[in-house]
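To start, the structure under review is shown below, and the notes come after it.
The values are calculated or read from the model by the stated rules, or taken from the named source; none is laboratory data. As the structure is a computational prediction, the values presented were derived from the model and not from experiment. Here Cβ is always computed from backbone atoms with ideal geometry, including for glycine, and neighbour counts include all displayed protein chains.
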Amino acid sequence: MSSPTCLLYLLIVWAVSQVIVAATDRSSCKPREVQTEKGPIKAGCSAECQQGHNVRISHTEVECVSMTPGEYSRMGTAHHICRLGTCKGDTCEGGNLLIKCWKNCP
């Protein structure tokens, strides 16, 4: 193979591998959500993702329930009472309303 052809081949292989990595990592970037009687609501206001580098996805002016990532991971499938709030950047600013919430089985 000539040098330009080899370089083009390597570039195509690299690009395909990046697409595969991005497609398989997408599930790790899903925002945390809890279920409620009115439908799913974001648990917290950001998600941290690993896609070759750290990516932070933030939600603003979206309804949320206020809880830490640790609280979310320990939550289990039992029903809880969650504080409703609104996302302001990375922070869920809790209001005075409470709602029954739970996590579905993984």
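Being modelled with pLDDT under 90 and either in contact with a strand residue (DSSP E or B) (Cβ under 6 Å, 6 or more places away or on another chain) or not hydrophobic (A, V, I, L, M, F, W, C) (or both) is true of residue 59.
Give me the residue from region 33-42 that is buried (at least 16 other Cβ atoms within 10 Å of the Cβ) and more than 14 Å from residue 77 (Cα to Cα) and, out of that set, modelled with the highest pLDDT. Per the criteria, the residue is 41. Among the residues of region 72-102, just one is modelled with pLDDT of 90 or more and of a type in the set (Asp, Glu), namely 93.
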